[in-house]
Amino acid sequence: MCRGDGGSPSRAGQSGPRWRVLENTDGVVAQIGPGQISSSPPSSIVFRPRGAPCGVVYGLVDSALVLPDEYRTNSLCGGSQIKIQCFSDLWLHKKGRRGQMSHVDDRPYLLGVGLDSTLRNEEHEELSRSYPEGNYASIYKEHGKELGNGGWPKMGMDNFDLLHSAKSHHHLPSIVHRYASFLLRVPFSKAYGILPWALCSCSEFASIPSISFSTGGILFSNRTDQEALLSFKSLIINDPSNTLSSWNDSSSVCQWPGVFCNHHGGVSALDLGGLGLTGSISPHIGNLSTLRFLCLQDNHFTGTLPDQLGNLLHLQVLNVSSNFIGGAIPSNMSKSSNLITLDLSANNISGGIPAELGLLSKIQVLKLGSNQLTEGIPSSMGNLSSLTTLDLGTNMLSGSIPTELGRLRNLKQLQISVNNLTGTVPPSLYNVSSLETFALAANNLYGEIPSDVGLRLPTLKVFHCCFNEFTGPYPPTLHNITKLQSIRLSHNFFAGSVPPGLSTLHDLTMYNIGFNRIVSSGSNGLDFITSLTNSTKLRYLAIDENLLEGVLPESVGNLSNTLSKFYMGGNRIYGSIPASIAQLTNLTLLNMSHNSIFGEIPLEIGQLKQLQMLGLARNSFSGEIPAALGNLTMLTELELYGNKLEGSIPAIFSQFQRLLTLDLSNNNLKGSIPRELFALTSLSSLLNLSRNSLTGPLPEDIGRLENLAALDLSNNFLSGYISNSIGNCRSLETLSMSNNSFSGLIPNTLGNLKGLQSLDLSSNQLSGSIPESLGKLRVLQYLNLSFNDLEGEVPKDGIFRNLSNVHLEGNARLCTSYLCPRSSHRSISVVLLVIIVASVVSALCFLCLLYFVRREINTKVLPTADSIKGQHRMVSYEELHHATEDFDTVLYDLVKRVRV
């Protein structure tokens, strides 16, 4: 639709030169296209466009005027006397209209024309079949010979010699008349390109009248178009393919890549889709008055839709899907009353849907999906009687579905999924018998689907009402619609059993009835699966999370060999997996989890080599994990948890080089963890080996799991040290190693796990102190170190600031800073210091006392006992304090520091 229109716009990039019409503006000859001309009428104009061998003036085949009127005046050519300046090739239109000659002096003449040498062989063959008289006669060697019997001149520039050498002008009218008559019989819908015309100037070949070739139009000026497109280019800030680099004044706009022109030279289409352009849409785009197709999809345009788009009265197709355009939908888009297709999907457009869009009476395709539209669906949408496609899906529309949509009797595609619509589906919608796609998924709709829906919508191919709140029985007539290709009823409250008729749906590709209340009972409760074996195009089958009971039939292997995804988990399926499952060789997903299937995992599953997801969890599988599973090298997800599997983890699992998730938890697996398991560097989501009976140390290779987000080894019998290499698992968010027998220190390298949110090392035999590095884990929300043999002071930073998220019970020797006793080393140092100081002071006091005593003895007579009696002298505190050199103060300070 964006590749052309009924007027056959030319496309840049076709072989050979392509030129446009000259325009007369206020007496000045103005050129639109390459080359140069004089601004005043000269006696002879030589015009040399790029690629042309000589001077010519070029015009469009369908243009109104080839030689403007002023070229016929005496001021330019001296009356009717003209000269053939040059001869060039004829480029024919692939899509155009039958040409008509205008008459001058009652004689039609056509000067300087020939057949283009670049016509492809198939084009020549087509024209020859249509016009067998066109024998490509080689008349160019017979100068002056008439074109007899409608013969065509041979291709190429040799035709210039034919006319230039016709010295007698009486030969020319006959030649031209014959050729012109022939052209009148050639419908231009069978050719392509444009027609160049010879420019005549004053001199020889007198008395040959000026001529024109017309379809009744007027000479067109695309100066405005050029300015509008250059303005558009000016707002493009990134053009990775350099598509717009040739958009400049030196060439015609119709030569520019992505630009198409109509037969008058006006821009009719602009196709720049998928070029990766970045920028905004210029308002001047609204000046392209003849634009019919505007295709800017799959780029990186931002900004808003300019209001000036409403000026494009001839616009039929507007496609700006898959960009980043925001803002509201211009309400004046309704002025573009000729719009047939309006596609604004996959942008960031917000606001409501303008009610004025209901005035676009010719519109057939309206796509506004995948935006941020709000409010309700306007009831005026019911006025769009020509509408065949209405896509409003993936927005934020609210309210109810308008009853007026039931008036759209030509509607084939209705897509209103993924919104916030409420209420019931209007009964009138079930009367739009032309509907082929009926998509209501992911809303808040409720009510019942009419039991006769299969009779009222006989042409339905797609029926999607999943993720709603529909109730009632599974529509019993739905399977009467034999053209159905996709049924999605999942995540509702449908009840009852699966109705008959599935065997008639030969075109069915998707069948999803999961997450409902659909019931079956008895060992044959899953026999409806056998009916689906006639759906040879089936690719997606989901019956999970219902109340289906029964044994998986052997016929399951006869389902379509195109089946890619098969969901049957969350039911009451029992028995064993039939060996025929191996025939579904194109399965990429097989999920049987949460059932009651028992027996061993069949070896045949190892033949499903395209499997990417295998879910057998929460069943009663027993025996060993078959080594044949190692053949499933495409696996990205393997879930075997919650069974009764025994034996060891197969080392062959090392072949799962694409594995993202491995869950073997809640089984009876024994032995050590194979080192090969830690070589699966692709593991990025989950490795869960918890609740088994695994033994032995944790391999040093654990550090190779650099991309793993969650590791759970809890509730096993693992022992030994926790390797420091665990600090290399820098993507870990959850780490649980609780209820094992790990010993030694908590690795300080755990502080490297900057994204760690949950750490559980409880119920082990870890010792030593808590690493300070754990306090630096800023996103850590849960820490359980309880029931170990940790000691020392609890860190103060990070998660330790709020001990409500930290579990430390069962570690008797741990303490917080205000309750911890001082270490013995520090206490001994303080006591030694006190003893040393006290000893030194005591020795000094003793020496001082001895000195005074001796001095007294030397200066006085020793008194007798009687003389001493009653002579004791009282000593003041100041004297004692001075005598002991402040010893009491020093001792007091020391004691105070020890207490602190």
Within 14 Å, Cβ to Cβ, of Asn420, how many net charges do the neighbouring residues add up to if Lys/Arg are +1 and Asp/Glu are -1?
-2
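Compute the Cα gyration tensor for the stretch 587-634, then decide on rounded, prolate or oblate, letting a ≥ b ≥ c be the square roots of its eigenvalues: rounded whenever a/c is under 1.5, prolate when a/b is larger than b/c in the other cases, and oblate in all that remain.
Because a/c hits 1.5 or more and a/b fails to exceed b/c, the stretch 587-634 counts as oblate.
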Here the gain from full extension of Thr424 to Ile836, 0.36 nm per residue of separation minus their alpha-carbon distance, amounts to 138.9 nm
Using the Cβ atoms and a cut-off under 13 Å, what net charge is assigned to the surroundings of Leu659, where Lys and Arg are +1 and Asp and Glu are -1?
-3
From the backbone phi of the stretch 630-641, what are the Karplus-calculated ³J(HN,Hα) couplings (6.51 cos²θ - 1.76 cosθ + 1.60, θ = phi - 60°) in whole Hz, Gly and Pro given as x?
x, 6, 7, 6, 8, 4, 10, 9, 10, 10, 10, 5
For the pairs Lys776/Lys796; Lys644/Lys670; Lys565/Lys644; Lys367/Lys483; Lys537/Lys609; Lys335/Lys412, flag any whose C-alpha to C-alpha distance is greater than 18 Å.
Lys565/Lys644; Lys367/Lys483; Lys537/Lys609; Lys335/Lys412
Just to verify a number: what accessible area does His506 come out at with the full protein assembly present, 1.4 Å probe, Å² rounded to tens?
100 Å²
Ordering Met634, Met568 by the accessible surface of their heavy atoms, 1.4 Å probe, largest first, yields Met634, Met568
Contact order normalised by length for the stretch 268-375, with contacts defined as Cα pairs under 8 Å and 6 or more residues apart; what percent is it?
22 percent
Here, Arg675 and Glu706, labelled 7 Å along Cα→Cβ, have an inter-label distance in nm of 2.0 nm
The long-range amide H neighbours of Phe621, using H built 1.01 Å from N in the peptide plane and a cut-off of under 5 Å, are Lys644
Can you tell me how much longer the chain between Ser497 and Ser451 gets when fully stretched, taken as 0.36 nm per residue apart minus their C-alpha distance, in nm with one decimal?
15.2 nm
Would you please give the residues with an amide H less than 5 Å from that of Gly496, counting only those at least 5 places away or on a separate chain, with H modeled from the backbone geometry?
Val519
So how much accessible area does Tyr540 have, in Å² to the nearest 10, using a 1.4 Å probe?
60 Å²
Once all protein chains are kept in place, Val519 shows an accessible area at probe 1.4 Å, nearest 10 Å², of 70 Å²
Can you give me the C-alpha center-to-center distance between the stretch 488-559 and the stretch 780-811, rounded to a whole angstrom?
52 Å
Apply the Karplus parameterisation 6.51 cos²θ - 1.76 cosθ + 1.60, with θ equal to phi minus 60°, to every residue of the stretch 664-678 and state each ³J(HN,Hα) to the nearest whole Hz, in sequence, with x for glycine and proline.
10, 5, 6, 9, 10, 6, 10, x, 8, 6, x, 4, 4, 5, 7
What is the set of long-range amide H partners of Leu373 at a cut-off below 5 Å, with H atoms built 1.01 Å from backbone N?
Met396
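Probe radius 1.4 Å, ligands and nucleic acids ignored: give me the carbon and sulfur share of the accessible area of the stretch 662-817 as a rounded percent.
The nonpolar share, carbon plus sulfur, comes to 44 percent.
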Using the Karplus equation 6.51 cos²θ - 1.76 cosθ + 1.60 (θ = phi - 60°), what ³J(HN,Hα) coupling, rounded to whole Hz, does each residue of the stretch 552-564 give in order, writing x for Gly and Pro?
5, x, 4, 5, 4, x, 8, 4, 3, 6, 8, 4, 10
What translational D, rounded to a whole number of µm²/s, comes out for the stretch 529-674 from Stokes-Einstein when the hydrodynamic radius is the Kirkwood one over Cα pairs, at 25 °C and 0.890 mPa s?
160 µm²/s
Compute the relative contact order of the stretch 434-505 as a whole-number percentage, counting only Cα pairs closer than 8 Å that sit 6 or more residues apart in sequence.
33 percent
Does the stretch 463-505 come out rounded, prolate or oblate, given a ≥ b ≥ c as the square roots of the eigenvalues of its C-alpha gyration tensor, rounded meaning a/c under 1.5 and, failing that, prolate meaning a/b above b/c?
oblate
Report the extension gain between Thr588 and Ser521 in nm, rounded to one decimal, defined as 0.36 nm multiplied by the number of residues separating them, less their alpha carbon distance.
21.2 nm
For the stretch 715-790, what is the charge dipole size about the Cα centre, in debye to the nearest 20, if Lys and Arg each add +1 at the Cβ and Asp and Glu each add -1 at the Cβ?
260 debye
Shape call for the stretch 533-575, from the Cα gyration tensor axes a ≥ b ≥ c (a/c under 1.5 means rounded, otherwise prolate when a/b beats b/c, else oblate), comes out oblate
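The values are calculated or read from the model by the stated rules, or taken from the named source; none is laboratory data. Please read these numbers as outputs of a predicted model, since none were measured by experiment. No Cβ is skipped: glycine too gets one built from the backbone with ideal geometry, and neighbour counts run over all protein chains shown. Areas reflect the complete protein model, heavy atoms only, side chains present, ligands, DNA and RNA absent. Shrake-Rupley method; radii C 1.70, N 1.55, O 1.52, S 1.80 Å.
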